[in-house]
Amino acid sequence: MDIKSSTAAVQAYTSARPATQPGPEAEGGFARLAREFTATLQEGEATAKAAMTGDADPHALVQALAQTELAVETAVTVRNKVVEAYQEILRMPV
């Protein structure tokens, strides 16, 4: 292997590398979902604190807890699917 082919391989890798980084269109996907998940958890926590001090009615507390539980279950399900896909990739023959 000569130096020119080695240099060409490095240049090809360097030019392809930015394509693997998320672009501006990714902002609408996972980042938005992560923000919504965080907001749901924060709203549930705020409602729980308000209920402890007597500032929130029990129905609001139950609704906030149900939304928080659903958000956490959804996040766990997505995480499990990602781990499952990763394990499937690891089992692939090279």
(request) Please determine, by comparing only the residues of segment 14-44 that are at pLDDT below 60 and hydrophobic (A, V, I, L, M, F, W, C), which one is nearest to Ala66 (Cα to Cα). (result) Ala26
(request) Take the residues in segment 44-54 that are in a helix (DSSP H, G or I) and out of contact with any helix residue (DSSP H, G or I) (no Cβ under 6 Å at 6 or more places or on another chain), then tell me which one is most open to solvent (accessible area, probe 1.4 Å). (result) Met52
(request) State all residues of segment 55-93 that are assigned to a loop (DSSP other than H, G, I, E, B) and open to solvent by 60 Å² or more (accessible area, probe 1.4 Å); if no residue qualifies, say none. (result) Asp55, Asp57, Met92, Pro93
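The values are calculated or read from the model by the stated rules, or taken from the named source; none is laboratory data. Since the model is a prediction, treat every value here as computed from it, not as a measurement. Here Cβ is always computed from backbone atoms with ideal geometry, including for glycine, and neighbour counts include all displayed protein chains. To get the accessible areas, we keep the full protein, side chains included, count just its heavy atoms, and leave off ligands, DNA and RNA. Shrake-Rupley method; radii C 1.70, N 1.55, O 1.52, S 1.80 Å.
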